[in-house]
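Trainee: Dropping the structure in here first, questions after.
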Amino acid sequence: MVEDDAAGSGDRLEGEKELDLKVLASEDTDGHVEDGEVEMAVSASEAPSLAEGLPVEAEQPRKWKWAVIFLCFYGFMSSIKPGEPFITPYLLSSEKNFTRKEVTNEITPVLTYSYMVVLVPAFLLTDLLRYKPVLIIQGISQVVIWLILLLGTTLFEMQMMEFFYGITMACRVAYSSYIFSLVSPVLYQRVAGYSRTSVLLGVFTSSVLGQLCMSLGNVSFYTLNAISLGFVSFGLLLALCLPWPKRSLFFNQMRNQERKELAALEATKSELDKMKPKESEASSAAPPCSSSRWKDSIFVQMLLEVRNVTRRPNLRLWSLWWVFNSTGYYLVLFYVHILWNKVYPATENKDVYNGGVEAASTLLSAITSFMAGYVKIRWNVWSELVIGIITALQAGLLLLMGTTDNIWVCYTAYVLFRGFYQFLVPIATFQIASSLTKELCALVFGINTFLGTILKSIISLIFSDKRGLALDVHSQFLVYFIYFTILTVVYFVCAAVVIFRHYRNQPREGGGAKDQATPTELSPVAVNSEAEPLSNGKSAKA
């Protein structure tokens, strides 16, 4: 079982993700991934708007710098769970003695269902309660997870462990967005890099530490999980010490706006109004009703504007990629540890290399994500083809994983599979976020994540759950291979249509080499740029 990409690291090493409405996707070790990559991508879009002006922290550099350092330290420490890559081997070992069928068809599917149910409430509570309480809930959930792993013995208790894992994954959005409440908009890109790096470094350190304990220290699964309990308990203490931000994306922004309007109304009152309050009340216009204010709020306007995303080909393509490809990606992460155990049923703790493989895949994911920032391509022409090629490679790797009897081939295919996905994550993030306001971007990423979670739940219910087909893990990977193959065919067909139309229309448009769009690379969007107007004529600053 693993914690994600997004990325990345930690829903059990990576993902998720991932409404992550906000999320986005850190690393899940042992099949339970959270794409930190995804979450960080979304979080950047969730940051408060420039219309709020520079926060007080911008005027007090030392204060916000120490707050950012502490939050990054929290992100690093909360990602260290050395027992995470070894949860599946632990459940299948003589210490817990669950069967592979129970783990595959009754325990693991609960994670997907729990994440889907908790995702939207976690998004709303994160904004309403201003981050810190949700991080505390996440810390409590992680402590409960490892207490159950240490003390639980029944199938129901392991299902509850997966339920709390879903809560942990859903709450990661709070960390992803928290850091943007500490600094001014001009610093968003920099602090996002700090935050993301701290999580990836934590996941990498966690995986290496777990593997060293297993291979060199000859530590038992039980002891390793006890060590993990100590780390997550320390992470909970750090969450309790976090400062409480005064603002957030939607709800608290609206409250602040109402206060400003009331203050402005009070300032316009004349001295005569103040001397004759009754007459003033009678002559003043009735305040707008709460329902009217709600309809005019930024939150509702953003929801109405989301429908326009489907009318933009580029946004539609990358949003669909986010929904469909991330679904397959996380299903692989959730079940790959069970596959490894079947391909190579280790009889001793030292024969399990899950931690080392997760460390290698996390490192490769970070490298490919970094490389994606330097790719120069005319994405309006070649997006479908690039996605199709990478999806085809992933399909081939899934077929290899599902049919090989060599555990090292299986390990290598998994590392490459994750690296290919992580290469496209920053590209998709840029393509979606570059033309949207931060508020709208948060909703788009969140909706994409939520739809992907629903699709994961449907696939799990049909193929993995004991109430469905209850396929064994090898059969499930063949299903994932077919799933990615179908996506590949669709992407290649779309690529052929787009490329054909592009070159067919070039002569009509005076298409010479000079008139063609120049290749673009991933670069930060100006934080002070004007946002696109909303469909009702209103606008919001990015």
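Trainee: With a 1.4 Å probe and all protein chains in place, put Leu461, Leu71 in order of accessible area, largest first.
Mentor: Result of the area sort, largest leading: Leu461, Leu71.
Trainee: Rounded if a/c is under 1.5, else prolate if a/b is larger than b/c, else oblate: which is the range 311-506, with a ≥ b ≥ c the root eigenvalues of its Cα gyration tensor?
Mentor: prolate
Trainee: Taking θ = phi - 60°, what integer Hz values does the Karplus form 6.51 cos²θ - 1.76 cosθ + 1.60 yield along the range 162-177, in sequence order, with x for Gly and Pro?
Mentor: Whole-Hz 3J(HN,Hα) from phi for the range 162-177: 5, 4, 5, 5, x, 5, 4, 5, 5, 7, 5, 4, 5, 5, 4, 9.
Trainee: Using modelled amide H (1.01 Å from N, peptide plane; none on Pro or chain starts), what sits under 5 Å from the amide H of Arg378, excluding residues fewer than 5 places away?
Mentor: Amide H neighbours of Arg378, under 5 Å, 5+ apart: Thr520.
Trainee: Hey, can you find the accessible area per residue of the range 62-250 for me, probe 1.4 Å, expressed in square angstrom?
Mentor: 36
Trainee: Please calculate how many Å² of accessible area the range 311-506 carries per residue, with a 1.4 Å probe and no DNA, RNA or ligand atoms counted.
Mentor: Per-residue accessible area for the range 311-506 comes out at 38 Å².
Trainee: Something else: Can you give the extra length, in nm with one decimal, that the chain gains between Val117 and Glu157 once fully stretched, where that is 0.36 nm per residue apart less the Cα-Cα distance?
Mentor: 12.5 nm
Trainee: Distance cut-off 28 Å, Cα to Cα: go down the list Lys101/Lys456; Lys63/Lys376; Lys81/Lys376; Lys342/Lys466; Lys376/Lys456 and report the pairs above it.
Mentor: Over 28 Å Cα-Cα: Lys63/Lys376; Lys81/Lys376; Lys376/Lys456.
Trainee: Let me ask something else about it. Whole angstrom only: what separates the Cα centroid of the range 119-170 from the Cα centroid of the range 416-485?
Mentor: First find each Cα centre; the distance between them is then 21 Å.
Trainee: Taking R0 as 45 Å, what FRET efficiency do you get between Val143 and Asn380 from their Cβ-Cβ distance, rounded to the nearest 0.05?
Mentor: 0.40
Trainee: Follow-up question, since we're still on this one. From the backbone phi of the range 354-369, what are the Karplus-calculated ³J(HN,Hα) couplings (6.51 cos²θ - 1.76 cosθ + 1.60, θ = phi - 60°) in whole Hz, Gly and Pro given as x?
Mentor: 4, x, x, 5, 5, 5, 5, 5, 5, 5, 5, 4, 5, 5, 5, 4
Trainee: For Leu124, project a label point 7 Å along Cα to C-beta. Then give me every residue of the range 152-168 with its amide nitrogen under 20 Å of that point.
Mentor: 166-168
Trainee: How much accessible surface does Leu478 have with a 1.4 Å probe, in Å² rounded to 10?
Mentor: 70
Trainee: List the residues, sorted by chain then number, that are 5 or more residues from Ser93 or on another chain and whose placed amide H is less than 5 Å from its amide H.
Mentor: Phe98
Trainee: A follow-up question, please. Could you please state how large a percent of the accessible area of the range 398-437 is carbon and sulfur, counting protein chains only and using a 1.4 Å probe?
Mentor: Answer for the range 398-437: carbon and sulfur cover 69 percent of the accessible area.
Trainee: Here is a follow-up. What order, most packed first, do the peptides 381-387, 484-490, 118-124, 326-332 have when packing is the mean number of other Cβ atoms within 10 Å of each residue?
Mentor: 326-332, 118-124, 381-387, 484-490
The values are calculated or read from the model by the stated rules, or taken from the named source; none is laboratory data. All values derive from a computational prediction rather than experimental measurement. All Cβ positions, glycine included, derive from the backbone under ideal geometry; neighbour counts span all protein chains shown. Accessible surface areas use protein heavy atoms only, side chains included; no ligands, DNA or RNA. Shrake-Rupley method; radii C 1.70, N 1.55, O 1.52, S 1.80 Å.
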